[in-house]
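So the structure is just underneath, and the comments pick up after that.
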Amino acid sequence: MIVSALLIADAGLVRADETPEPDGYREDAYRGPVPATLEGATVVTTAQAVQLWKEGNTAFIDVLPQAPKPENLPKGTIWRDKPRHSIPGAMWLPNVGYGRLAPVTDAYFKSGLQKATEGNSDHPVLFFCLDECWMSWNAAKRALTYGFSHVYWYPEGTDGWTFDDQPVEDLKPEVFPE
């Protein structure tokens with residue numbers, strides 16, 4: 001009886017390499033097993049991401065969300081954004097990996113990509129966040145819909161990068177355009 005219950009429970013588990021690509025964007029539970037693929041993009045390992053970074057021809061885009069400053073903080077409260085230790089030279093475009101983007105965030109994402117690629121949709125661009133983070137998957141998928149033709153997705157993100165003892169630097173988020 002216990003063995004059959006364990007087999008049934010195990011059959012319901014989804015492993016990262018078995019996670020299917022959704023038809024659209026992931027809109028909730030952004031941390032969890034991600035697909036092994038992204039149709040239209042190239043999925044890269046840490047070693048491949050390091051090689052692309054060293055070659056210097058690929059724009060690296062960090063899409064880790066940034067917590068907003070809480071409204072109505074008590075007077076005198078000091079607010080400090082959490083530092084983002086990321087891949088050196090990357091552009092941080094926080095909050096662009098959600099399943100649904102407000103028009104202002106969508107415009108921010110497009111503007112950031114234009115800046116990172118100097119307006120060249122054929123320029124290679126690599127998206128990352130943290131390990132098992134759907135934000136980078138969503139952002140890479142969205143870049144494909146914007147017409148970018150050389151899209152890389154690095155699912156291990158800065159977790160894989162730092163685990164491999166690669167260098168990091170503090171990033172500041174790209175400023176919203178006026």
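The values are calculated or read from the model by the stated rules, or taken from the named source; none is laboratory data. Just so it is clear, the model here is predicted, and its values are computed rather than measured. Counting neighbours? That spans all protein chains shown, and the Cβs are built from the backbone with ideal geometry, glycine included. With ligands, DNA and RNA removed, areas are computed over all heavy atoms of the protein, side chains included. Shrake-Rupley method; radii C 1.70, N 1.55, O 1.52, S 1.80 Å.
For the chain, the longest principal axis of the C-alpha atoms and the axis of helix 134-145 are separated by about 70°.
Within the accessible area of the chain, the carbon and sulfur atoms contribute 55%, probe 1.4 Å, all protein chains present. Both the radius of gyration and Dmax for segment 111-167 are 12.0, 34 Å, in that order, over alpha-carbon atoms.
Counting only alpha carbon atoms, the long axis of helix 2-11 and the longest principal axis of the chain meet at about 40°.
When all alpha carbon pairs of the chain are counted in 10 Å bins from zero, the resulting P(r) reads 9, 36, 32, 14, 7, 2, 0 %. Neighbours of ASP81 by Cβ distance under 12 Å: Lys/Arg scored +1, Asp/Glu scored -1, total +4.
Take segment 95-178 with all the other protein chains still there, run a 1.4 Å probe, and you get 48 Å² of accessible area per residue.
Counting only Cα atoms, segment 28-132 measures 48, 33, 28 Å along its principal axes, largest extent leading.
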